[in-house]
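Student: Got a structure for you, written out below as structure tokens; questions coming shortly.
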Amino acid sequence: MFKNLEESFKEKNFYLTTHSLPLFLVGQVNLYKKLSFICQSDKSMEELKVKINSIDNRIKVLTFPTLDSLLFSDISPTNNTLNTRINTLFKLTIMKFEKIICLINESSILFKCVPKDNLKNKYIIINNKKLLTQNDILNFLNNNNYQCVDSVRQFNEYCIRGSLIDIFPSNLNYPLRLDFFGEYIESIRIFDPVTQLTKKKVEKSYILPANEFFFDSENIEKFRINFRNTGLKKKIEFYNSIS
């Protein structure tokens, strides 16, 4: 794949090397505004992102890593991988950027991902003025793969303590503490997951699903039908665990 790509570049007299590729992509995105590029590995993808940002930090560079687990494995992909993927999918779906480059691991293009239309309403906006009950928040978290714990310390966790809900959203680098008064959010604060002490207030934030896999009744039924059609009898325990 990459040898053919290199040859096509040479035919157009680009003569790209590892060192010149970032500058070439910056030039192309300045021309076309939106660009995607397939990388050989997650490591090369991250290195390329750093180089592009060092040339022009006004360009939004997104990455889409491969799922770091085998098909039908009992071991789930890491939270870091899942968070990166769901963030990239949502930014491509609901946000607008003047210049954007999406770097994709070559393994990722071999698998289907969630349809664009399925993502459009799969997030919530929280602010101090919005009518949003605790039940609204909890229903969203429970339906979108967040884990209820005693105290929030890692991504994709939440806990309830009286009028407080602590959440570590997949799209943020810090957890949030929501303080409710009746049916309204009275305050939103960032807190330290280690000390559990609150820091500064924030006025508004988004909460995305924990990952791109939505286990609602419609998707589970599709899985059942497709699984039976494949005839993978040796993986029946996998079928039972999701069904």
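Any read-out appearing in this document is the output of simple, stated calculations on the displayed coordinates, not a laboratory observation. This structure is a prediction, so every number in the text was calculated from the model and none was measured. Cβ coordinates were reconstructed from backbone atoms using ideal geometry, including for glycine residues, and neighbour counts include every protein chain displayed.
Student: Name the residues whose placed amide hydrogens come within less than 5 Å of the amide hydrogen of residue 124, ignoring near sequence neighbours (fewer than 5 apart) on the same chain.
Tutor: Distant-sequence amide H within range of residue 124: 207.
Student: Quick one: what are the phi-derived ³J(HN,Hα) couplings along the range 216-231, Karplus 6.51/-1.76/1.60 with θ = phi - 60°, whole Hz, x for glycine and proline?
Tutor: These are the phi-based 3J(HN,Hα) values: 8, 4, 5, 5, 5, 5, 4, 4, 4, 5, 5, 5, 5, 5, 7, x Hz.
Student: For the chain, modelled as a Gaussian network with Cα springs under 10 Å, which listed residue fluctuates most, 78, 17, 230?
Tutor: 230
Student: With the alpha-carbon atoms as the only input, what is the per residue convex hull volume for the chain in Å³? If you can, show how the numbers build up before the last one.
Tutor: Numbers: hull volume 40.6 nm³, N = 243.
Cα-based convex hull of the chain, divided per residue, equals 167 Å³.
Student: Determine the calculated [θ] at 222 nm for the chain from helices alone, applying -39500 (n - 2.57) to every DSSP H run no shorter than 4 residues and normalising by the residue count; nearest 500 deg cm²/dmol. Could you put the intermediate results ahead of the total?
Tutor: Values: 7 runs with 83 residues, N = 243.
It comes out at -10500 deg cm²/dmol, rounded to the nearest 500.
Student: In nm, to one decimal, how far is the modelled label at residue 214 from the one at residue 94, with both set 7 Å along Cα→Cβ?
Tutor: According to this spin-label approximation, the distance is 1.1 nm.
Student: Among the listed pairs 116/204; 99/199; 51/122; 130/201; 99/201, give every one whose C-alpha distance is greater than 23 Å.
Tutor: Values: 116/204 25 Å; 99/199 33 Å; 51/122 32 Å; 130/201 16 Å; 99/201 31 Å.
Too far apart for the 23 Å limit: 116/204; 99/199; 51/122; 99/201.
Student: Next question. Would you work out the charge dipole size for the chain about its Cα centre, treating the Cβ of every Lys and Arg as +1 and the Cβ of every Asp and Glu as -1, and quote it to the nearest 20 debye? Walk me through the intermediate numbers first.
Tutor: Numbers: 34 positive and 26 negative charges, 119 e Å.
Approximately 580 debye in magnitude.
Student: Right, here's the next one. List the aspartates and glutamates whose alpha-carbon lies under 14 Å from that of residue 60, not counting same-chain residues fewer than 8 positions away?
Tutor: Reachable aspartates and glutamates: 46, 98.
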